[in-house]
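Participant: To start, I am sharing the structure in question, which I have written as structure tokens.
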Amino acid sequence: MLAGKARCGLLMIYCCCAVLILMSAVCARGQGAVNDAGPSAFLQAKGRLDAAARRTTSRAERRKRQGKRLRAPDVIYYATPTDTVNEMLRLADIKPGDVLYDLGSGDGRIPITAARRYNIRAVGIDINPKMVWVSEERARGAGVADRVRFINEDMFRADISEATIVTLYLSRKLNLLLRPKLLSQLRPGTRILSHDFDMGDWKPEQKVRVPWFRGYRTIYVWIVPHYSH
């Protein structure tokens, strides 16, 4: 009987030792996992915080750059088709030193194309700050940000006197409202090109149709005369 009790006591001691050894091993593995995961978890958390900070900064920069809308746009924005852009610039008879102003520049495709293909300076003016921001991003993407500038301004109040080429895609009504400004601010010989809309009784020098799907787009070309000054 004593031998039986001794065997039971030894068995209990053996089981307790086994449990203690197992618990120590689990704790050691757990501590190792924490140590291994610690730097990784820290870096992951830091990366998430940095990304959030960048997003916040980016939003703040966009808000700062976009500014405030001056007033409601005069027309709904529609992009000029690429073929029409190319033909407008061809008809503009661009020369070295020319400066192109696009009034109501939208996504900036005309000034950007002029700078990229003809290596001239170009300025886009748009009353919508979001479109100005889009245009600036597109200019950077096209590698012409050093030659193209976009301004969030009312085209009726903007100074356009340095322009030697002016492009428009507005409406007939706006063209007629702009006409006195164009004739008073622009120098004689400045080329004015309008996509789809004329200027009333001011007869264009050229009127060219550009095929577009089953129809066409019309480009009007005027040259500022000497007697306008």
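The values are calculated or read from the model by the stated rules, or taken from the named source; none is laboratory data. Keep in mind that this is a model prediction, so the values were computed, not measured. Neighbour counts are summed over all protein chains in view; Cβ atoms, including those assigned to glycine, are modelled from backbone coordinates with ideal geometry.
Participant: Tell me, which strands (runs of 3 or more DSSP E) lie completely within the range 100-190 with 2 or more residues that are in contact (Cβ under 8 Å) with a residue 60 or more places away in the chain?
Facilitator: Working: elements: 121-126, 148-152, 165-168.
Answer list for the range 100-190: 165-168.
Participant: Give the residue that is surrounded by the most Cβ atoms within 10 Å (Cβ to Cβ), with candidates limited to residues of the range 191-222 that are touching a residue at least 12 places away in the same chain (Cβ under 8 Å) and hydroxyl-bearing (Ser, Thr, Tyr). Steps first, please.
Facilitator: Residues of the range 191-222 that are touching a residue at least 12 places away in the same chain (Cβ under 8 Å), as a first pass: 191-200, 202, 204-208, 210-212, 217-222.
Then drop every residue that is not hydroxyl-bearing (Ser, Thr, Tyr), which leaves 194, 218, 220.
Working: Ser194: 25, Thr218: 17, Tyr220: 23.
Here the residue is Ser194.
Participant: Of the residues Asp159, Asp146, Asp126, only one is at pLDDT 95 or above, within 21 Å of the chain's Cα centre (by Cα), surrounded by fewer than 16 Cβ atoms within 10 Å (Cβ to Cβ) and of a type outside the set (Lys, Arg); which? Before the answer, list the steps.
Facilitator: Working: Asp159 fails: within 21 Å of the chain's Cα centre (by Cα); Asp126 fails: surrounded by fewer than 16 Cβ atoms within 10 Å (Cβ to Cβ).
Testing whether each residue is at pLDDT 95 or above, within 21 Å of the chain's Cα centre (by Cα), surrounded by fewer than 16 Cβ atoms within 10 Å (Cβ to Cβ) and of a type outside the set (Lys, Arg) leaves just Asp146.
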